[in-house]
Each structure stands twice: as C-alpha cells, then as structure tokens.
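Working notes, structure below.
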Amino acid sequence: MRVDDPYLIAAGAALLIAGLMVWLLVRRGGDESTEGQEFLQGLSVTSRPILSDTEVSLYNLLRLAVGERYLVFPHLPVWAMLAMQSTEPSTRSRLLKKLAFQRVDFALVHPGCRTARLVVVTDSPHVRSEAQRRREQLTVAVLNAAGIELVRLDPTQPHSLESLAALFGIEPDGEETGHY
C-alpha cells in the first residue's frame, strides 16, 4: 500500500467527509435543543381555559340542541371554513389578510361532508367600532357567499334546546326542516 494509492486517498477523503458531517450534525442538534429557549427567559407559560364559563355553557347547550346532526367547533377561524379560488392571486391574498384574525364563536359542521353549515356569534353588534363593523360585514358577506349562515345569539339571554334547534332548522325528532 502506497500513500499515493487512489483507493487509500478516496477512503481517507470519505472518512474526513463523514467525520465532518457527524460533527456538523452533533453541533446542529445541540443548537436545536436550546432553540426557542431564549424566548422563555423570564417568562412563565401555563395553559389556560379555551372557553369562558359562559361559552362552555353555550357550547354544551349547542351540542345538546344539534345532537348528532352537527359537530360544534368553538373559536374557528373564518378562513378555515372557506375554499377560495381566484383568477387573480392578489385578490385571494388580500381577502385572506383581511380575514386572518376573524373567528366565529361556534361553527356547526356537518359530520359527513365536514363543511360549516352555520356559525354562531355571541357578541352584541351595538358595542362595535366602525372598523369592527366593516370587518364583520366582510365576514358575513364571505360566509353568505360560501352558503354559511350566521346566527347571532345573546349569551346573557336564556336559550332552550327547542328554540336553538328550531333556529338551526332541526325538528325535535332530529330531522332537518329544510332550513339548510
């Protein structure tokens, strides 16, 4: 075996490259294990309830009112319920930006086709700013275009199972009234 043997040179180069790759992977893995921890310095992070007490009560009432007819999703983003297509990509992007932080309080989703059929909003319209009203008008227009009805409920008022079922177009026997 000579030092200028091409196989020996290739084997040495392969070992050098493999060693360099292992060193880079180990070094990179160490960085990833601490990644994000600089954000946690001096910060206490805990989980919190997703729904308020009032929202939990309404959620449970909605689930009872719709039975197995619909799935009830709380705090669903509006964009998550929509499929949007446009011949002009910038139009779709502008709309998505306007809808980015818009959420509905509850969405009633058909379990078979997995599409939202109705959304429930629980805040009252008379406490909104002009900008909030414009955003809501856009949201309502987009939901209507998608065939999703918006129902506004006052969470401070009592609601019966029967009144909610009727509002959602569900007969007491579980049949739809044709409202949807």
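The values are calculated or read from the model by the stated rules, or taken from the named source; none is laboratory data. It should be emphasised that the depicted structure is a prediction, and the values quoted were computed from it without experimental measurement. Here the Cβ positions follow ideal geometry from the backbone for every residue, glycine too, while neighbour counts run over all protein chains shown. For accessibility, only protein heavy atoms count, side chains too; no ligands or nucleic acids. Shrake-Rupley method; radii C 1.70, N 1.55, O 1.52, S 1.80 Å.
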What FRET efficiency comes out for ASP123 versus TRP23 if R0 is 45 angstrom and r is the Cβ-Cβ distance? Round to the nearest 0.05.
0.20
Please give the length that would be gained between ALA11 and ASN60 if that part of the chain were fully extended, namely 0.36 nm times their separation in residues minus their C-alpha to C-alpha distance (nm, one decimal).
10.8 nm
Accessible solvent surface per residue of the chain, calculated while the other protein chains remain in place, 1.4 angstrom probe, Å²
72 Å²
Dipole size in debye (nearest 20) for the chain around its Cα centre, Lys and Arg Cβ +1, Asp and Glu Cβ -1?
640 debye
The chain - percent of accessible surface contributed by carbon and sulfur, probe 1.4 Å
58 percent
Between 0 and 90°, nearest 10: helix 130-145 axis offset from the chain longest Cα axis
90 degrees
Dipole-positive endmost among PRO49, VAL104, ALA65 within region 47-118 (Cβ charges, Cα centre):
VAL104
